Amino acid sequence: MTLGTRSLTALLASTATALVLAAPVAPAGARLAAAPSSPPETVALPDGFQPEGIAVQGRFGYFGSRADGDIYRADLSTGTGKRISQGPGTASVGLKVGPRDRLYVSGGDAGTVRIVSTRTGEILRSLKVNKGTSFVNDVILTERAAWFTDSATAQLYRVPIRRDGRLPRLRDVRTVALRGDWEQPAGFGANGITESPDGKALLVVNSEDGTLFRVERTGRRAGLAEQVRLGGASLTNGDGMLLEGRKLWVVRNQLNVVNVFLLDADGDRGRKTRAFTSSDFDVPTTIARWRGAFYLPNARFSTPPTPETTYDVVRVDQRPSS
């Protein structure tokens, strides 16, 4: 059937009217749902908390207290949070979330490694990996292990992650001596740790002299350190690190700056591409990313800690390619 111009116009008008009438109408007095707001620029932590490490799982950030080892969980989308785990009275420093919702925690000068449930806050395992002078500082998770640095001695600790979920015992921990190009300084040595871009080795920063090392992690070469050539760039005060592909972000705590490097495929050389800072930085220590933004806890090392000292986490927006 062929419609005339007037008939077609009338048909379209009646159809549009019917669609409008069929659309759901909000009840009188009802409020339209507000559009989601942007995440807060800073996330407040409890007074006196003394944060250092950060781990992100979904929209939640986990933070450890240097004061007593408590674990605090914050919703990064709202800034709200709560303590989820009572500490042992010794520090919680570096943190990473692993399989089965387990948080791997560096125990600082207690010489311990702890595994904490993010579901219940229960300390599932506490391992005394060094009975002498130590500062178990940062941690990175590989497919089969958690690797921890010790800033006070030239060694790493390998804690296995079993596929069947069995928790490790002290006898399962492997102590790996750093050798090769590594020279242990009188001050703070090994600090931040991550994987190399090819996933075959580890990257470890020496905070004291500002050098970065590629460290073998398997076989007879385990612990063999080769200094990464960074074109003369220094990483003094180097702390937490984040690797994505071949891009490496290194937090330089006391300098309130983050340096960005582009590494080659195996991580034995790199070049500094840029650096960024924030007016909200107050000695940031570690770094994680959520929804395109970086999150860094302010440790405030230069501020004498009291029970009333305030602490927070800074959100820094960056371009997706940064």
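The values are calculated or read from the model by the stated rules, or taken from the named source; none is laboratory data. If you're wondering where the values come from, they're calculated on a predicted model, not measured in any experiment. All Cβ positions, even for glycine, are placed from backbone atoms using ideal geometry, and neighbour counts span all protein chains on display.
In region 91-134, the qualifying residues are those that are assigned to a loop (DSSP other than H, G, I, E, B) and more than 25 Å from Ala177 (Cα to Cα), and the one that is nearest to the chain's Cα centre (by Cα) is Thr118. Can you spot a residue in region 168-187 that is of a type outside the set (D, E, K, R), modelled with pLDDT under 95, surrounded by fewer than 22 Cβ atoms within 10 Å (Cβ to Cβ) and under 22 Å from the mean Cα position of the chain (by Cα)? No, region 168-187 has no match at all.
Filter region 71-90 for residues that are free of Cβ contacts under 8 Å to residues at least 24 places away in the same chain and in a loop (DSSP other than H, G, I, E, B); which is farthest from the chain's Cα centre (by Cα)? Before the answer, list the steps.
So in region 71-90, the residues free of Cβ contacts under 8 Å to residues at least 24 places away in the same chain come out as 75, 80, 82, 87, 89-90.
If we keep only those that are in a loop (DSSP other than H, G, I, E, B) as well, we get 80, 87, 89-90.
Values: Thr80: 18, Gly87: 20, Gly89: 23, Thr90: 21 Å.
Restricting to residues being free of Cβ contacts under 8 Å to residues at least 24 places away in the same chain and in a loop (DSSP other than H, G, I, E, B), the top hit is Gly89.
Picking from residues in region 83-107 that are touching a Phe, Trp or Tyr at 6+ places or on another chain (Cβ under 7 Å), surrounded by fewer than 22 Cβ atoms within 10 Å (Cβ to Cβ) and not aliphatic (A, V, I, L, M), the one that is nearest to Gly240 (Cα to Cα) is Gly98. Consider only pairs whose beta carbons are under 8 Å apart and that are at least six residues apart or on different chains; among these, list those whose first residue lies in region 49-60 and is under 17 Å from Arg289 (Cβ atoms) and whose second residue is crowded, with 17+ Cβ neighbours inside 10 Å and of a type in the set (Asp, Glu). Matching pairs, first to second residue: Gly53/Asp138. Close contacts from region 273-297, counting a first residue that is at positive phi and a second that is among the aromatic types (Phe, Trp, Tyr), with Cβ to Cβ under 9 Å and a gap of 6+ residues or different chains, come to Val283/Phe301.
Scanning region 273-290 for residues that are assigned to a loop (DSSP other than H, G, I, E, B) and among the charged types (D, E, K, R) gives Asp280, Asp282.
Counting the residues of region 195-238 that are without any contact (Cβ under 8 Å) to a residue 12 or more places away in the chain and on the phi > 0 side of the Ramachandran plot gives 2.
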